[in-house]
Amino acid sequence: MHYGIDTPILAGQVVDILVNLESRYFSGQPVIELVAKDIYRERTGVTFRIVILCFGGIIVLALYNVFIGISIRDRSYLYYAAYLLVSVGAWSAAFNILAQWFDLYSYHWLIPPFFLSMSLNALYFIPVSYTHLRAHETPEH
């Protein structure tokens, strides 16, 4: 997790910086570093490109499932495609991409997409699992 904050500090200038980090979401000890903007962009650029590539792959997979769902008229593939798209939205919220784009810095915008993605995943999984069970039923005598 990278949080870049622009601060107008000139080279050689002495400033006091007060930082209060308190969060239950840190998986490790937070690190604070003051670097130039171009160095920050260079360091985080690879990470952001990988994340965007993964999001693009998920979106392509979602469009593929929409095509399959429409082609064979199976609603479960459409639920799976919706699950994938909501997951991209949920992870975008988790990576603060949506917060930066739409200026929505609130914990309440983070949780609903994750719960919605679990619901859509269940809507996909339940019909698929029951179809699989029906295919393997033995006829009753």
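The values are calculated or read from the model by the stated rules, or taken from the named source; none is laboratory data. All values reported here derive from a predicted model rather than from experimental measurement. Quick reminder, even Gly has a Cβ in these numbers, built from the backbone with ideal geometry, and neighbours come from all protein chains shown. Remember, those area values only see protein heavy atoms, side chains included, never the ligands or the DNA or RNA. Shrake-Rupley method; radii C 1.70, N 1.55, O 1.52, S 1.80 Å.
Calculated accessible area for the stretch 9-82 comes out at 87 Å² per residue, all protein chains present (probe 1.4 Å; ligands, DNA, RNA ignored).
Packing order of peptides 68-80, 45-57, highest average first: 68-80, 45-57 (average count of other Cβ atoms within 10 Å over each peptide's residues).
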